[in-house]
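Just below is one structure, and these are the notes that go with it.
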Amino acid sequence: TRNGIDFAVADLSLAEFGRKEIRLAEHEMPGLMALRREYSEVYPLRGARISGSLHMTVQTAVLIETLVALGAEVRWASCNIFSTQDHAAAAVAVGPHGTEEEPKGVPVFAWKGETLEEYWWCTEQMLTWPDGKLPNMLLDDGGDATLLVHKGTEYEKAGVVPSAEDGDPEEWQVILGVLKESLNSSPDKWTKIGKEIRGVTEETTTGVLRLYQLAAAGELLFPAINVNDSVTKSKFDNRYGCRHSLIDGINRATDVLIGGKVALVAGYGDVGKGCAESLRGQGARVIIAEIDPICALQALMDGYQVGTIDDLVDQADIIITSTGNKDVLLVEHMERMKHQAIVGNIGHFDNEIDMAGLARYPGVRRNNIKPQVDEWVFPSGRSIIVLSEGRLLNLGNATGHPSFVMSNSFSNQVIAQIELFTKAEEYDKEVFRLPKKLDEKVARIHVEALGGKLTKLTKEQAEYIDVDVEGPYKPDHYRY
Ligand code: NAI
């Protein structure tokens, strides 16, 4: 705690550098800056206490400071152990008007290279407000904050935290440890938090899936807005963001020439489409593995070979998982790969690649090359290069998506926060999407920022295609 602000970052002296990059990013985030202007006298988030769990990058710093500009109090943690940019975290803690000695920013608990114990400690700190205050909004990416509140509430009701079972992932044991400790020290901590929270806005595909599962089971404690499925989020961030940051991660990690190589991409959803395009852009021969015939057909139409990992893994120089599913690349696959083939995951969690199986492989050796780059050497002498220990490599090995695309995603986040905070009572405990009109509003700002000029419908044309001159221009079932 310094100047009344509690925080945990790697190095506060990086704040000045962070502030410079935040300043440049603000110009590239016209959506967020437009929202700041639009609400400069209204403060719609006054009274909001937002606990946020989302990659602590420069772009996220602009999001956080937008929430603050709109009147919110905020506490923050990263949603991944490797994704924090330490200078951004430092700058957020110091704030635009503070100094290293006298920070005036936001309590942030995040540094690059956390252990799992540290990660869940940070998540708990972000949800634990000082002076008996409680968070009343969640902003989540991947659903870890939501998970802690829900599991905590469930176990407090039962009066006991179960023990981990054999075969449970290591991370689950850590989570249970956190909840055991809180049950001992404050037995209704999570129940109180769950009751106070008006809603959660969720950033990504994987977190949204968890929310729909909770809602279907009738277990969702508060309403949720699925930000991911705003068109201006998933069809831009997931796709064009990954088109940019996937190869950024591969290049920074390995600097291997991508041209001429065979790259296997598992998953041809929004993320996979962006990944495939970026690899092809570098001259790689790209092969897609898909389970869904529609996405597989899209891949074929886009000119990619479609095949299975089982059949083709030994041909790949680079393999990227982008499915959001588990057990996609198994150790049986990894042992068959070419010498020094690159293995990376860009899906939200590290269970796409069987890292536990790799670590258990008899006689395997891990040779750390540099942070977030490991060569795993099999007894055969062949090795593979694993990026970010199987965690999302675009944030672990590079700096994630660039500002402009995140301006789209985060504008939806801010709008969703305002919506749920100001109108929570109008929403049931279900998962909602933002209205298309707001999606179009976000897009319009970014079209204008790029110098695009929109064609205006005439009244007659609007009537003919049965839309309003001011939009929305498409029915909800339209797919873009
Ligand atoms: P999506 O649902 O559009 O695409 C996933 C695709 O994987 C689907 O087409 C599905 O049919 C396919 N798939 C599922 N299991 C498979 C398997 N065993 N083998 C081959 N294909 C399989 O989801 P989206 O939006 O592309 O997201 C994918 C993951 O990436 C999620 O975990 C999401 O949270 C994450 N994400 C990561 C970002 C990053 O910056 N690293 C950005 C946005 C999303």
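A few notes on this one:
- Highest mean packing comes first when the peptides 433-442, 338-347 are listed by Cβ atoms within 10 Å, giving 338-347, 433-442.
- With contacts taken as Cα pairs under 8 Å at a separation of at least 6 residues, the stretch 189-333 carries a relative contact order of 20 percent.
- Share antiparallel - DSSP beta bridges, the chain, percent rounded to 5: 20
- Taking 16 Å as the straight-line reach from the Cα of Lys436, the lysines in range (excluding those fewer than 8 positions away in the same chain) are Lys233, Lys235, Lys474.
- Relative contact order, percent, the chain [alpha-carbon distance under 8 Å, six or more residues apart]: 15
- Whole-percent carbon and sulfur share, accessible surface of the chain, 1.4 Å: 51
- Centroid-to-centroid, using Cα positions, the stretch 227-247 and the stretch 404-480 are 16 Å apart.
- Normalised by the number of residues in the stretch 21-143, the mean separation of alpha-carbon contacts (under 8 Å, six or more apart) gives a relative contact order of 28 percent.
- Gyration tensor verdict on the stretch 19-89 (Cα atoms; rounded if a/c is under 1.5, prolate if a/b is larger than b/c, oblate otherwise): oblate
- Distance between the stretch 141-177 and the stretch 350-385 - C-alpha centres, whole angstrom: 28
- Heavy-atom accessible area per residue - the chain, 1.4 Å, Å²: 44
- For a straight C-alpha distance cut-off of 25 angstrom, the lysines reachable from Lys151 (same-chain residues fewer than eight places away being disregarded) are Lys133, Lys180, Lys189, Lys192, Lys195, Lys326, Lys429.
The values are calculated or read from the model by the stated rules, or taken from the named source; none is laboratory data. Being a predicted model, the structure only gives us computed values, none of them experimental. Reconstructed Cβ throughout: ideal geometry from the backbone, glycine too, with neighbour counts over all protein chains shown. Areas reflect the complete protein model, heavy atoms only, side chains present, ligands, DNA and RNA absent. Shrake-Rupley method; radii C 1.70, N 1.55, O 1.52, S 1.80 Å.
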